[in-house]
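A.B. asks: For reference, the structure I am asking about is given below.
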Amino acid sequence: MEERVGEAEPEQQQEEEQVVNPWTVSAKGGGKIDYDKLIDQFGCQRIDQQLVDRIHRLTGRPPHVFLRRGVFFAHRDLNEILDAYERGDKFYLYTGRGPSSEALHLGHLIPFMFTKYLQDVFKVPLVVQLTDDEKCMWKNLTVEESQRLARENAKDIIACGFDISKTFIFSDFDFIGGAFYKNMVKVGKCVTYNKVVGIFGFTGEDHIGKVSFPPVQAVPSFPSSFPHLFSGQDNLRCLIPCAIDQDPYFRMTRDVAPRIGYHKPALIESSFFPALQGETGKMSASDPNSAIYVTDAAKEIKNKINRYAFSGGQDSVEKHRELGANLEVDIPFKYLSFFLDDDDKLEEIRKEYGSGRMLTGEVKQLLVEVLTEMVERHRRARAAVTDEMVDAFMAVRPLPNMFS
């Protein structure tokens, strides 16, 4: 499929019904994102069962629930990464987080949960970029507050269980310089102002800090940006797990990479985790009742799900028994499809709830149990993360056993 990079990127064209970029996710009329249309607009490829089966065969481990159920649904050059892996070649993972809030919600955890799986099954190193500089510019935070939030968010990332012998976490404010900055300059020289406006939709009202930022997120895709990790390994490939709203950064990166001597990074991309009120795109950080946060107590989780989780059930028991739930819009069922690992149990709920034999209250109660246990497990793990552990993950150091 043709890769779309140019001066009139589809998501910026006025006639398009939806806008998906790193800062704006919206569908026409506040409806659902059309992911098939997005694949066509962006020029990426859908992950099919054959690709999931191949990952299963190569790793010898069951595919992650996010792969089995199509949460991670699109990719760029994933087969090339798997071809290289099958030949015995190595690769590394790169993902990131823009630290703009004290606590993460469940949607923020999804790429990290999946990246942890990829690190475990492929036994490869990971670099995690904390874009504290980006959030300072976009969210009007002070430099100091952005740095503080980066460290707080690092604790949540570490709590996901990453292997310290294979993981380097860095903040842009602390790490940028040297080889990393040299690659930023190389990328910057290859991207015209017209192209960056076409890709990201910048206007004359945006300050130059925003216009100059994209190379910062591009260059962790190149192994030479990390000489303490990958010295002399400039041919090492990179795989980036991320939500599909980050795709514009990496279309730009993939356009530039061959021109400056690197492999194009491969991507594996997820759909958006829906807000409690309905599947209309991303959750809003300004509305705490739109999401479940990893800091929510059990009582808050129960209250949010019972009061705010949009139901596809009918408005009376009699009608529900007759018609069943509309699972296409039912948020409790959608959340279970993310976090209930048991495929047989989920299929049973699909049949029973969809036929009306199971009521909304029963599905919500099961979701409360699943999420309470998950959030409590994360809270315990995060409480065990000390400042010294954060320092250790963020220390610029070699990782001698990163491929073992």
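A.B. asks: Somewhere in segment 69-79, is a residue assigned to a loop (DSSP other than H, G, I, E, B) and at pLDDT below 95?
C.D. replies: Scanning segment 69-79 turns up no residue that is assigned to a loop (DSSP other than H, G, I, E, B) and at pLDDT below 95.
A.B. asks: Pairs needed: first member in segment 33-48, at positive phi; second member anywhere, open to solvent by 10 Å² or more (accessible area, probe 1.4 Å); C-beta distance under 7 Å; at least 6 residues apart or different chains.
C.D. replies: That search, which allows pairs on different chains as well, returns 43/1; 43/2; 43/3; 43/4.
A.B. asks: Please verify whether segment 258-275 includes one or more residues that are open to solvent by 50 Å² or more (accessible area, probe 1.4 Å), assigned to a loop (DSSP other than H, G, I, E, B) and either more than 30 Å from residue 223 (Cα to Cα) or modelled with pLDDT under 95 (or both).
C.D. replies: no
A.B. asks: OK, next. Restricting attention to segment 319-334, which residues are free of Cβ contacts under 8 Å to residues at least 60 places away in the same chain, under 18 Å from residue 368 (Cα atoms) and part of a helix (DSSP H, G or I)?
C.D. replies: 331, 332, 333
A.B. asks: Still on this structure, please answer the following. So, in segment 23-48, of the ones that are part of a loop (DSSP other than H, G, I, E, B) and under 23 Å from residue 64 (Cα atoms), which residue ends up least open to solvent (accessible area, probe 1.4 Å)? Outline the logic, then answer.
C.D. replies: To start, the set of residues in segment 23-48 that are part of a loop (DSSP other than H, G, I, E, B) comprises 23-24, 27, 31-34, 43-44, 47-48.
If we keep only those that are under 23 Å from residue 64 (Cα atoms) too, we end up with 44, 47-48.
Working: 44: 1, 47: 25, 48: 78 Å².
Checked segment 23-48; the qualifying residue least open to solvent (accessible area, probe 1.4 Å) is 44.
A.B. asks: Just checking, which of 240, 244 is β-branched (Val, Ile, Thr) and closer than 22 Å to residue 176 by Cα?
C.D. replies: So the residue among 240, 244 that is β-branched (Val, Ile, Thr) and closer than 22 Å to residue 176 by Cα is 240.
A.B. asks: Can I ask one more? Does any residue of segment 72-87 turn out to be open to solvent by 10 Å² or more (accessible area, probe 1.4 Å), over 16 Å from residue 244 (Cβ atoms) and free of Cβ contacts under 8 Å to residues at least 24 places away in the same chain?
C.D. replies: Checked segment 72-87: at least one residue is open to solvent by 10 Å² or more (accessible area, probe 1.4 Å), over 16 Å from residue 244 (Cβ atoms) and free of Cβ contacts under 8 Å to residues at least 24 places away in the same chain.
A.B. asks: What number of residues within segment 112-161 satisfy the criterion of being outside any helix (DSSP H, G or I) and either among the polar types (S, T, N, Q) or open to solvent by 10 Å² or more (accessible area, probe 1.4 Å) (or both)?
C.D. replies: So the answer is 10.
A.B. asks: Further question on the same structure: So residue 248 fits all but one of (1) in a loop (DSSP other than H, G, I, E, B); (2) touching a residue at least 12 places away in the same chain (Cβ under 8 Å); what number is the exception?
C.D. replies: With respect to (1) in a loop (DSSP other than H, G, I, E, B); (2) touching a residue at least 12 places away in the same chain (Cβ under 8 Å), residue 248 is out only on (1).
The values are calculated or read from the model by the stated rules, or taken from the named source; none is laboratory data. Since this is a predicted model, take the numbers as computed values, not measurements. We place every Cβ from the backbone using ideal geometry, glycine too, and count neighbours over all the protein chains shown. Each accessible area value is taken on the protein alone, full model and side chains, heavy atoms only, with ligands, DNA and RNA left out. Shrake-Rupley method; radii C 1.70, N 1.55, O 1.52, S 1.80 Å.
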